[in-house]
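Working notes, beginning with the structure itself.
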Amino acid sequence: MSWHPIKHGVFACLLAVICYGMALGQKATSCANCVTWNKAQPPFRIFGNTYYVGPHGLSSILITSPAGHVLIDGDLPESARLIAGNIRLLGFRVEDVKLIVNSHVHFDHAGGIADLQRRSGAQVAASKWSAEVLRKGEVGKGDPQYGSLPPLAAVKNVTTFHDGESLHVGEITITPHLTPGHTPGGTSWTWKTCEGAVCYNMVYADSLNPISAPGFRFTKSREYPHAIEDFEKSFAFFEATPCDVLITAHPEVSGFWDRLALREKGVKPDAFIDSGACHKLAEGAREKLRQRLESEGKQ
Ligand SMILES: [Zn+2]
């Protein structure tokens, strides 16, 4: 076998990537879409004390105060390093993140939480159902995607909250709203962000997609018997909640990057302000559920 510099170079690089991943105690990537989701994204201010710190394909939001910060979603295991880097790029300290919360406990939104908790020392808070999953690091049995998802890195010291019970860090007040359906413990978040006298109602929306592992039926599930009622409750929340700026766990669902482009080009400086966005989100999700239930009815 002859020595081939390119082949051997590639092999050495591959080994280096694998070894680097192993040294960090992480897999190089977690899924087929993960490299795209985890594409680096420079962090930026959305409005007031609210910043985007996630990779390009998965939202992670930092809400800051002089007495400490709140972080929503940790994304993939391999996103944690990137999120921590983005927080520093903005001039904040990761160690000042005092509270980490989550939309839902799938590996693409909660996979990086254990690592981010280690880096920051922050408290992690979750709904009762989600907290159980985070503590064990196993996908919950009532999850429509149970059996088709990888486990999570278990998270220590998870506290729980009730629907609508506000949480406080310094002057930040952030309120969880249970929006189940995609998972039984799904949570959306609201808070107010101001620039001078101008204040907006911010909404971070959990996923509302009725997707499942093969064989699961939303119309007939022993593990998740009230899935449809849960979705209805979630849609009703989005139809009623005051909503000026909507951010979704997958940013493109709320047209996030189109809005940013309009703002950056100066075409629409207030492109993120859209009081109809939550209603539109609920309408779209309601239609997706209708189609899913219709297809289950034909099976
Ligand atoms: Zn999910």
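The values are calculated or read from the model by the stated rules, or taken from the named source; none is laboratory data. Worth saying up front: this structure is predicted, and the values here are computed from it rather than measured. Every residue, glycine among them, receives a Cβ derived from its backbone with ideal geometry; neighbour counts consider all protein chains shown.
Return yes when Ala154 is at pLDDT 95 or above, crowded, with 20+ Cβ neighbours inside 10 Å and either within 15 Å of the ligand (Cβ to nearest atom) or farther than 30 Å from Lys220 by Cβ (or both) and no when it is not.
Details: at pLDDT 95 or above: yes; crowded, with 20+ Cβ neighbours inside 10 Å: no; either within 15 Å of the ligand (Cβ to nearest atom) or farther than 30 Å from Lys220 by Cβ (or both): yes.
In short, no.
Starting from residues that are small (Gly, Ala, Ser) and assigned to a helix (DSSP H, G or I), keep the ones in region 231-252 and report whichever is farthest from Pro210 (Cα to Cα). If we take residues in region 231-252 being small (Gly, Ala, Ser) and assigned to a helix (DSSP H, G or I), then Ala240 is farthest from Pro210 (Cα to Cα).
Restricting attention to region 123-150, the residues that are more than 14 Å from the ligand (Cβ to nearest atom) and farther than 20 Å from Gly181 by Cβ add up to 7.
So which residues in region 77-131 are without any contact (Cβ under 8 Å) to a residue 24 or more places away in the chain and either in contact with a Gly (Cβ under 6 Å, 6 or more places away or on another chain) or assigned to a helix (DSSP H, G or I) (or both), if there are any at all?
Going through region 77-131, the residues without any contact (Cβ under 8 Å) to a residue 24 or more places away in the chain turn out to be 85, 88, 91, 93, 118.
Those that are without any contact (Cβ under 8 Å) to a residue 24 or more places away in the chain and either in contact with a Gly (Cβ under 6 Å, 6 or more places away or on another chain) or assigned to a helix (DSSP H, G or I) (or both): Gly85, Arg88, Arg118.
The rows are residues; the columns are (1) away from the ligand (no atom under 14 Å from the Cβ); (2) farther than 23 Å from Leu116 by Cα.
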| site | (1), (2) |
| --- | --- |
| Gly186 | no, no |
| Trp191 | yes, no |
| Val198 | yes, yes |
| Leu208 | no, yes |
| Ile211 | no, yes |
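Beta carbons closer than 8 Å, at least 6 apart along the sequence or on distinct chains, pair a first residue in region 159-170 that is charged (D, E, K, R) with a second that is in a strand (DSSP E or B) and surrounded by 12 or more Cβ atoms within 10 Å (Cβ to Cβ) for Asp163/Pro176; Asp163/His177; Asp163/Leu178; Glu165/Thr175; Glu165/Pro176.
Against the test of being surrounded by fewer than 24 Cβ atoms within 10 Å (Cβ to Cβ), out of contact with any helix residue (DSSP H, G or I) (no Cβ under 6 Å at 6 or more places or on another chain) and not charged (D, E, K, R), the options His162, His177 yield a single qualifying residue, His162.
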